[in-house]
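Rule-based calculations on the coordinates, nothing more; no lab input. What you see is a predicted model; the values in this text were computed from it and never measured. Note that each Cβ is placed from the backbone with ideal geometry, even for glycine, and that neighbours are counted across all protein chains shown.
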Ligand code: SF4
């Protein structure tokens, strides 16, 4: 599993969906271990996210990342303390089959608030990969919401 299907990293987007494997573009600036590690199916961090395996749940990836962010928030500013908690809760609910497509708008709006109204890089950069995931994978995110609802969050 070593081709990059999609990457949004440090503001640069490479979207290989719809390309033949031999036409895939390799993103610049990705950490070498991320490029070379064949076990990695997907990755999300402050600098962005990468998808190698098309079967990866983008929602579950966001949940795992937001859990990390929520735990790292030092709670000095309210938008970060509350915003990260609420974003995590909403994404987790979606992953458990309790989400609605309308929740994505709330997540987007919270992400914008965090980006603009927090004091440090954690609050400002944390929402970026999540917002990019919702933006660039909108169709699959919405489809996943419906599927997870039917399956009660199991997949
Ligand atoms: S943005 Fe930075 S300073 Fe504010 S609560 Fe989050 S981690 Fe703390």
For this session: For segment 115-155, just list the percent of Cα-Cα distances falling in each 10 Å bin from zero outward, please.
Result: 28, 32, 27, 13
Problem set entry | Protection-proxy order for peptides 15-24, 109-118, each taking the mean of Cβ atoms within 10 Å per residue, highest first | 109-118, 15-24
Seminar exercise, completed: Cα-only Rg/Rh for segment 58-151 with Kirkwood Rh rounds to 0.97
Seminar exercise, completed: Once normalised by the length of segment 5-111, the mean sequence separation of its alpha carbon contacts under 8 Å that are 6 or more apart gives a contact order in percent of 20
Seminar exercise, completed: Dividing the mean separation of Cα pairs under 8 Å (6+ apart) by the residue count of segment 52-155 yields a relative contact order in percent of 34
For this session: Using a/c under 1.5 as the rounded threshold, could you call segment 6-51 rounded, prolate or oblate? The axes a ≥ b ≥ c are square roots of the C-alpha gyration tensor eigenvalues, and prolate needs a/b larger than b/c, oblate otherwise.
Result: oblate
Problem set entry | Contour excess over end-to-end distance, with Cα ends at residue 146 and residue 105 and 0.36 nm allotted per residue | 13.2 nm
For this session: Take the Cβ-Cβ distance between residue 28 and residue 55 as r, set R0 to 30 Å, and report the resulting FRET efficiency rounded to the nearest 0.05.
Result: 0.70
Seminar exercise, completed: Each label sits 7 Å from Cα toward the beta-carbon; between residue 93 and residue 35 the label points are separated, in nm, by 4.1
Exercise. Pulled fully out, how much extra length does the chain show between residue 71 and residue 20, if you take 0.36 nm times their separation in residues and subtract their Cα-Cα distance?
Worked result: 14.4 nm
Problem set entry | Normalised contact order of segment 60-108, rounded percent, pairs of Cα under 8 Å and 6 or more residues apart | 35
